[in-house]
Amino acid sequence: MFHYENEQLLCEQTGLDEIARATGTPCYVYSSAAILGAYRAYHTALSGIPHVICYAVKANSTLAVLALLAKEGCGFDIVSGGELYRVLKAGGDPARVVFSGVGKTSEEIEFALRSGICNFNCESEGELAEIDAVAGRLGVTARFSLRVNPDVDAVTHPYISTGLRDHKFGIDIADAPAVYGRARAFTNLRASGVSCHIGSQILDYAPILEAAGKVLDLIERLRAEGHGIDHVDLGGGLGIAYQEADNAPGIGEFIAALRGRLEGAGLTVMVEPGRSIVGNAGVLLTKVLYRKQSPAKEFVIVDAAMNDLIRPALYKAHHEILPLRREAGLEIVADVVGPVCETGDFLARDRSLTAPRQGDFLAIASAGAYGFVQASNYNSRPRPAEVLVEGGEWRVVRKRETPEDLINGETL
């Protein structure tokens, strides 16, 4: 949905230069058509199989994005009480919400039960006991799945790989039958499914297929032992193309590969996509402040920084950098860096780009996922504005923070 027309970079039918000048920079911009298109690709690919697409809220939790998906009937995967609060404020149906994460507090569990969520994806026996106790106090029955760890390598960045035995996530798949058996002693719980999620930004989905096979074998055993398993949650993790070299699979291709294993299983299928729905639907707009030449290299200093988009510093992630006005010019190799007082504050290193001028606007591409949600106020920098584009129209869906916002809640 981002393309050049008459050498101007557009989001759908809206010029990004117009947005940058009107709102200031840094500024996140999201394409509603791209978000809905990705969601609908999952929904269409799973047609004919009972399914719930639970968007992973952690990827981008902006209310306007959640509301866009909620209106389509999307479910939600949450990992905190705060994310549930956002989903409810955005009009999401709590009966289509699954609650994942290793460290749910009793307060979060109670909030989820009172809200009427669909299911808890549980990661320890201690958590099962806590949910049972809270459910008993409220006089309700809580549906749960165990998140099993299949010891499958997702072949992704180690910080976002979650399916190996030395990771904090899940219960070893070999131990799962015994844990489901012991869970029968909890009178306020009902085992309803099995959950698995092996990592994020997966470009070869063969490990997901391998994990799915192991989970389906486990479900067959659990059913034989009398457990009423009615759904399988296969998590998310499908990667996107951050650069031309990334051979990212299409959503339809990925689901088609899964269908052969799922059809006829008599299960409702849940998936938890996040990045593959919003990742390439967003950009971060920034302005060139200065150019600087050191003895070793050249720097392009912009007004966006690691506190706005931490992925390059945290994961050494690659984001394409595009001019809002494309012009012929001298090609340079430079580091694109921000104003934060850290050597790790960079958006690109040794990047080849047409030499920008002071005051030019640039777009940091593929910033729709794990962008604003990981933003901070480091160096006392207000967080950026956010904009949602719908065709030829756009609106600010989050105002830029002010200096007053930075000290809200503080006292002398």
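Identify all residues within region 403-412 that are surrounded by 10 or more Cβ atoms within 10 Å (Cβ to Cβ) and either within 28 Å of the chain's Cα centre (by Cα) or of a type in the set (D, E) (or both); write none if there are none.
D405, L406
Residues checked against (1) within 21 Å of L267 (Cα to Cα); (2) part of a strand (DSSP E or B):
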| residue | (1), (2) |
| --- | --- |
| A178 | no, no |
| G181 | yes, no |
| T187 | no, no |
| R190 | yes, yes |
| H197 | yes, no |
| I208 | yes, no |
| A211 | yes, no |
| K214 | yes, no |
| D217 | yes, no |
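For (1) within 12 Å of Y28 (Cα to Cα); (2) crowded, with 22+ Cβ neighbours inside 10 Å; (3) of a type in the set (F, W, Y); (4) touching a helix residue (DSSP H, G or I) at 6+ places or on another chain (Cβ under 8 Å), each residue gets a yes or a no:
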{"site": "D350", "(1), (2), (3), (4)": "no, no, no, no"}
{"site": "D360", "(1), (2), (3), (4)": "no, no, no, no"}
{"site": "Y370", "(1), (2), (3), (4)": "yes, yes, yes, yes"}
{"site": "N377", "(1), (2), (3), (4)": "no, no, no, yes"}
{"site": "E386", "(1), (2), (3), (4)": "yes, yes, no, yes"}
{"site": "E390", "(1), (2), (3), (4)": "no, no, no, yes"}
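Please find, among L66, L16, L9, L46, the residue that is within 17 Å of the chain's Cα centre (by Cα) and touching a residue at least 12 places away in the same chain (Cβ under 8 Å).
Result of the check over L66, L16, L9, L46: L66.
Output the number of residues of region 196-225 satisfying the condition of being modelled with pLDDT under 90, surrounded by fewer than 16 Cβ atoms within 10 Å (Cβ to Cβ) and in contact with a Lys or Arg (Cβ under 9 Å, 6 or more places away or on another chain).
So the answer is 0.
Here is a list of conditions, (1) more than 19 Å from the chain's Cα centre (by Cα); (2) under 17 Å from E272 (Cα atoms); (3) modelled with pLDDT of 90 or more; (4) not polar (S, T, N, Q), and R137 meets all of them except one; can you say which number that is?
Checking R137 against (1) more than 19 Å from the chain's Cα centre (by Cα); (2) under 17 Å from E272 (Cα atoms); (3) modelled with pLDDT of 90 or more; (4) not polar (S, T, N, Q), the one that fails is (2).
Residues that are of a type outside the set (A, V, I, L, M, F, W, C), at least 1 per element: which strands (runs of 3 or more DSSP E) completely within region 1-111 meet that?
Correct list: 2-5, 8-11, 27-31, 51-56, 75-78.
Taking region 324-343, which residues are crowded, with 21+ Cβ neighbours inside 10 Å and not in a loop (DSSP other than H, G, I, E, B)?
Within region 324-343, A334, V336, V337 qualify.
With the structure loaded, tell me whether E123 is crowded, with 20+ Cβ neighbours inside 10 Å, assigned by TED's automatic domain parsing to the domain that holds D175 and in contact with a helix residue (DSSP H, G or I) (Cβ under 6 Å, 6 or more places away or on another chain) or whether it fails that test.
no
Being modelled with pLDDT of 95 or more, farther than 24 Å from K58 by Cα and either of a type in the set (K, R) or part of a strand (DSSP E or B) (or both) is the requirement here; does L284 meet it?
So L284 fails the test.
Between residues in region 94-105 that are more than 18 Å from N149 (Cα to Cα) and residues that are aromatic (F, W, Y), which pairs lie under 7 Å by C-beta distance while being six or more apart or on different chains?
Filtered contacts from region 94-105: R96/F76; V97/F76.
Name the one entry in V140, V97, V57 that is at negative phi, in contact with a Ser or Thr (Cβ under 8 Å, 6 or more places away or on another chain) and of a type in the set (A, V, I, L, M).
Within the list V140, V97, V57, the selection yields V97.
Report, by residue number, each residue of region 288-315 that is assigned to a loop (DSSP other than H, G, I, E, B) and without any contact (Cβ under 8 Å) to a residue 60 or more places away in the chain.
S294, P295, A296, K297
Determine whether region 202-223 contains at least one residue that is free of Cβ contacts under 8 Å to residues at least 60 places away in the same chain, farther than 30 Å from V134 by Cβ and basic (K, R).
no
Each row is one residue, and each column tells you yes or no for (1) closer than 26 Å to L36 by Cα; (2) of a type outside the set (S, T, N, Q); (3) touching a strand residue (DSSP E or B) at 6+ places or on another chain (Cβ under 8 Å).
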residue	(1), (2), (3)
Y85	yes, yes, no
G92	yes, yes, yes
V97	yes, yes, yes
S100	yes, no, yes
I109	no, yes, yes
A112	no, yes, yes
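Filter region 240-281 down to the residues that are among the hydroxyl-bearing types (S, T, Y) and not in a strand (DSSP E or B) and list them by number.
Y242, S276
Across region 392-402, which residue is farthest from M306 (Cα to Cα) among those that are surrounded by 16 or more Cβ atoms within 10 Å (Cβ to Cβ) and touching a residue at least 40 places away in the same chain (Cβ under 8 Å)?
That would be W394.
Say we look at region 1-29 and pick out the residues that are in contact with a Ser or Thr (Cβ under 6 Å, 6 or more places away or on another chain) and of a type outside the set (A, V, I, L, M, F, W, C); which of these is surrounded by the most Cβ atoms within 10 Å (Cβ to Cβ)?
Once the filter is applied, the top-ranked residue is P26.
Could you list, ordered by first residue, the pairs with Cβ atoms under 6 Å in which the first is in region 274-287 and touching a residue at least 40 places away in the same chain (Cβ under 8 Å) and surrounded by fewer than 24 Cβ atoms within 10 Å (Cβ to Cβ) and the second is outside any helix (DSSP H, G or I) and acidic (D, E), at least 6 apart or interchain?
K287/D303
For every residue, the table says whether it meets (1) within 21 Å of F169 (Cα to Cα); (2) under 18 Å from the mean Cα position of the chain (by Cα).
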residue: V52; (1), (2): no, yes
residue: A56; (1), (2): yes, yes
residue: R86; (1), (2): no, yes
residue: F99; (1), (2): yes, yes
residue: L113; (1), (2): no, no
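The values are calculated or read from the model by the stated rules, or taken from the named source; none is laboratory data. This is a predicted model, so every value here is computed, not measured. No Cβ is skipped: glycine too gets one built from the backbone with ideal geometry, and neighbour counts run over all protein chains shown.
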